[in-house]
Structure formats: structure tokens, C-alpha cells
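Below you'll find the structure, written out as C-alpha cells, and then a few comments.
The values are calculated or read from the model by the stated rules, or taken from the named source; none is laboratory data. Small disclaimer: the values here were computed from a predicted structure and weren't measured. Counting neighbours? That spans all protein chains shown, and the Cβs are built from the backbone with ideal geometry, glycine included.
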Amino acid sequence: MVRFKALRDPRDNPLFQEIWNVVAAIPRGQVSTYGSVARAAGLPGRARLVGRALRESPKEMMLPWHRVVGAGGRIVLPPAEPGRREQIRRLRAEKVLVREGRIGRSFMIDLE
DNA sequence: GAACTGACTGTAA
DNA sequence: ATTACAGCCAGTT
């Protein structure tokens with residue numbers, strides 16, 4: 001029985017699904033980190049996987065991906081990525097302070 | 001299946 | 001505060 005794997009669909013990845021669940025639960029106006037999301041999803045040490053999961057997330061899912069930043073509140077998304085500006089724009093739209101590629105501490109939440 | 005690639009992190013200078 | 005870099009590890013080539 002040959003099994004088709006169509007185009008590897010990120011939605012079939014259970015790890016991605018866990019990550020998306022966690023991200024979806026971040027409240028508006030608050031921000032968490034890749035590492036924190038990973039731990040909350042039961043995937044300690046896999047911060048990079050979180051980044052990948054967000055990149056691969058279907059648009060129609062409307063995940064609040066912009067509420068995830070690097071350790072210490074730094075925006076890690078490379079300048080080459082058009083998404084970087086978009087992230088900052090969306091954060092500010094939720095009244096999150098973004099200055100010099102950083103977000104204010106008071107907006108950080110701990111998911112653990 | 002080895003090599004490469006990061007939307008990462010912590011440490012060190 | 002900044003920069004550099006090794007360690008990290010699943011997904012892609």
C-alpha cells in the first residue's frame with residue numbers, strides 16, 4: 001500500500017500543532033518568547049522549531065505569531081524578512097511598546 | 001543519510 | 001550595551 005504524502009503539509013506535523021496551540025493562547029497586547037513557547041508546548045530546548053512552526057503556519061489560521069519574540073524581548077526575525085516590519089506594526093497596533101527592535105518588559109508574559 | 005539551514009539561546013569578551 | 005560564537009536540533013536538500 002503506497003502512501004501519498006502530497007506536499008509535506010506542515011499541518012500534519014504534531015509538533016507544529018502543539019506549538020500553534022500555545023501561541024494561539026497568548027493574549028492580545030502581551031508577548032512571549034520562542035523558548036518559552038517551546039517549553040509550554042512540552043518541547044524544551046526547541047525554540048528554533050517554534051520559529052519554523054510560525055513561518056509555516058497557514059495564513060487562514062490567523063495565529064498571533066507577532067506576539068512571539070526572541071529571548072529578552074528582542075525581535076529576532078531577520079530584516080530580510082518582510083515579516084519583521086509587519087510584526088512591529090501589529091505589536092504597536094496592540095499598544096505594545098517597540099523600541100530599537102525590543103519590546104517593553106512589562107508586556108512579556110511567562111507561559112510556564 | 002550526510003550536509004546544510006535557520007522567525008533561537010546563553011555565555012563571554 | 002554590542003558583537004561573536006558555539007551549541008542546539010528538526011526540517012530540508
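Of note:
- Number of residues in segment A:52-73 that are surrounded by 13 or more Cβ atoms within 10 Å (Cβ to Cβ) and farther than 14 Å from A:Asn13 by Cβ equals 9.
- The lone exception for A:Val31 - which of (1) modelled with pLDDT under 90; (2) under 10 Å from the mean Cα position of the chain (by Cα) it fails: (1)
- Only residues that are in a loop (DSSP other than H, G, I, E, B), more than 9 Å from DNA strand B (Cβ to nearest atom) and farther than 16 Å from A:Ala40 by Cβ were counted in segment A:56-73, giving 2.
- Qualifying positions in segment A:35-47 - buried (at least 21 other Cβ atoms within 10 Å of the Cβ) and within 11 Å of DNA strand B (Cβ to nearest atom): A:Ser36, A:Val37, A:Ala38
- Sole exception among (1) part of a helix (DSSP H, G or I); (2) within 16 Å of DNA strand C (Cβ to nearest atom) for A:Gln87, by number: (2)
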